[in-house]
Structures are given as structure tokens and as C-alpha cells.
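Here's the structure, in C-alpha cells; my notes come after.
The values are calculated or read from the model by the stated rules, or taken from the named source; none is laboratory data. Everything numeric here is computed off the predicted structure, so don't read it as measured data. Backbone-built Cβ (ideal geometry, glycine too); neighbour counts: all protein chains shown.
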Amino acid sequence: MMENDDVARDFHHPYEPYDIQQQFMNAVYDCLEDGKVGIFESPTGTGKSLSLICGSLTWLRDNKRRTFEDGFEVDAKNKDDPPWMLEHARKQRKQEAFRRRQELNERLAKIKAQEKRARERASGSSQVYKRQKIGTDDEGGDEAQFALGDYESDQESASSSRVAKFDNSGLSAETQALMDKIGYVTGETKTEDGQAIDETKIFFCSRTHSQLTQFSSELSRVKMPPAIMMDEDSSNDQVESLTEDVKHLTLGSRKNLCINSKVNRLGNATAINERCLELQQSTSNESRCPAMPTKDNEALLNDFRDHALAKIRDIEDLGVLGKKLGVCPYYASRPATKFCEVRAIPFSYTAHY
């Protein structure tokens, strides 16, 4: 059944995995490693979600580690350059890239600690916080109401016969044009040396909001080791963090994420999309949506990104976060995808990747 039964991998499963789970995780890992398409099934109650998460995340971290190491080989343009000089140049480039990654991880760790202290203070008070339902006033219990809307519906306001084009920013051409018009740059996020931060990612697809929320809950159970470590002779700080939190982001439609009360009360996804675009096309600052990101409040996008990635959040959490920061979570979540490892998306999104 398994070609690599003799391979003993640590998948960092939160519990002691059963034999069937170990086989499942190995099969997922081997499928990804070989670049194949796999169809997996397992009996009910055998922990498919956790096995899928642990198998794919372990491969992702291993792949990221290999890619990171291979990316710092220095070409010997001058054959007279001594090996020690080439090795020194390689190590310098690697340390600089590692420093940038650590800066992001340290920011996320600080935010996570701040939120933990805030929760502890809140738990000691009498104030009760209730989860908010974003983008709809319906109170029905049917699961269909939690079905996520289309990935992007800008094309509906343009030509229904023309397929919208999406790039790595996660925005359609029409949306990018609107954001460029108000002064917000939607291009690739660059590092200090000009390299784009965009790596291999895991896409988890499902039909409903409740299923994606369940996935997020399972994902929060998993603790993975850091993907990238420095050389042994420069790893004195490694002891500080034996795990590296998974950077996860759930993407949703305007109906799920709109925080403009005058727009999301429309209820219908098409009406919300059209009204949103109308507000962005307005030339008057008074009539433009106040939550729309602009070049002047670009710092809010960085705050949203860091808070969104600091912990595992579902789509309702992103809506609450957008309200708290005063920035549209629909638009703010798109640039943040470049920094995440796992994207939770509805099936309708897959046509654009």
C-alpha cells in the first residue's frame, strides 16, 4: 500500500497518532513531495482533518527549509575567489533573510502576548463579549446562510462575459484599478533587498463558513517547529522558540467581511458588491467608504496583517478585527496573503488560482 513505510517522520500531531493516521499523513507528504494529485479517504472518526493538516504542514515546512537553504548559493563569477569568501557571502545573505523573518515573527509574538493580556483583563471584568455576525442580519439556523460568497464579483459591474483576471495580490483588475486610483499600491510586497515575499502555500477549500471555522479550530491545535533555522554556530537564540505559529488567513466575500453598516445591511451579495464599488468610484471624500484603505492610512494595513497572522482567526474574527482597527477587512486581507502559509477559501476561489 505504501512505498515508504520505512520512513519515520515526525508530523507533530497533537496526539499520539493511530497507525491509520500515520499512513494517511505519510501518503499526503509523499503526494506533495512527488508533485502528484491525490484523492484520499478514511473512515468517519479517524481524524482526517488533523491528519491532512499535519501531513501537509510538515511537508510545507520541510520544503520551505530546503528552498531557503538552496536560495543562498553564491555563483563563483571570479574563479580566483577563495572558497572562504564565497561561504562568507552566502552566510551574510542567509543571516539577513533570517533577520527579516524573525522581525515579522517577533511582531506577531508581541501582538499575541498583548491579546492574551487583554483577554485576561476582560475575563476578570463583568463585561460580556459576544461574537458578531459580519455582513448579514439574518438569524436563521440553516447552514446555507453560512455559505461563502463568490471570491470576487467586480466583473458583475463590468462585463459579465469577460473573465476577471487575478494576480498574486488576490485582487481583480477592476479592484486594483480602484485602489490605485485612491493612492494605495496593490503591487507585490517587497523585502529590503527587493525580493517579493511570496512562498509556497497550502489552500484549504470548503463549501461553507462553518466548515472553514472548524478547520481553523483544528489548525490551532497543531504546534510546528520553526521552518528555518540558522547554522549551529549562530543559533544561540533558537532555544527561545521551539515552535513557530502557523500563519493562516481566511478569505471571504464582501458579504462576509464588509464593515460598512450602510452597505452590509443590503444583505444581498450582488447589491453589496455593486454598492461597494460605487462608493470607491466616488470622487467625493464624504461619500467614499471610510473603511477603504488609502495611501494615507497604509499603516493600518500593516497592523491588520500582523494582528490577522498573530493567531488562528476565522472569518468572523477578521470582521471584528477590521471594525476595531477601522479598516476594511475585505481589502486589507488581500495584501496579507503574501505572508501567510495557509489560506482557507471557499471552493469558488479555486478558479482564480
For the subset of segment 18-31 comprising residues that are touching a residue at least 24 places away in the same chain (Cβ under 8 Å) and in contact with a Gly (Cβ under 8 Å, 6 or more places away or on another chain), which member is surrounded by the most Cβ atoms within 10 Å (Cβ to Cβ)?
Met25
Search segment 200-222 for residues that are closer than 16 Å to Leu57 by Cβ and pair each with any residue that is among the hydroxyl-bearing types (Ser, Thr, Tyr) and part of a loop (DSSP other than H, G, I, E, B) when their beta-carbon atoms are under 9 Å apart and the residues are at least 6 apart or on different chains.
Phe203/Tyr353; Arg221/Tyr15
Which one of these does His352 not meet: (1) at pLDDT below 85; (2) farther than 22 Å from Leu219 by Cα; (3) touching a Cys at 6+ places or on another chain (Cβ under 9 Å); (4) not basic (Lys, Arg)?
(3)
What about Arg131, is it at pLDDT 75 or above and either of a type outside the set (Val, Ile, Thr) or in contact with a Gly (Cβ under 9 Å, 6 or more places away or on another chain) (or both)?
no
Confirm whether Gly252 is farther than 27 Å from Glu106 by Cβ, modelled with pLDDT under 90 and either in a loop (DSSP other than H, G, I, E, B) or not basic (Lys, Arg) (or both).
yes
Give me the residue from segment 184-215 that is more than 15 Å from the chain's Cα centre (by Cα) and hydrophobic (A, V, I, L, M, F, W, C) and, out of that set, modelled with the lowest pLDDT.
Ala196
Could you list all residues from segment 42-67 that are loosely packed, with under 15 Cβ neighbours inside 10 Å and not hydroxyl-bearing (Ser, Thr, Tyr)?
Pro43, Gly45, Arg66
In segment 296-353, what count of residues is obtained for those that are closer than 25 Å to Ser261 by Cβ and either among the polar types (S, T, N, Q) or in a loop (DSSP other than H, G, I, E, B) (or both)?
8
For segment 88-107, does any single residue satisfy the condition of being at pLDDT below 75, assigned to a helix (DSSP H, G or I), touching a helix residue (DSSP H, G or I) at 6+ places or on another chain (Cβ under 6 Å) and of a type in the set (A, V, I, L, M, F, W, C)?
no
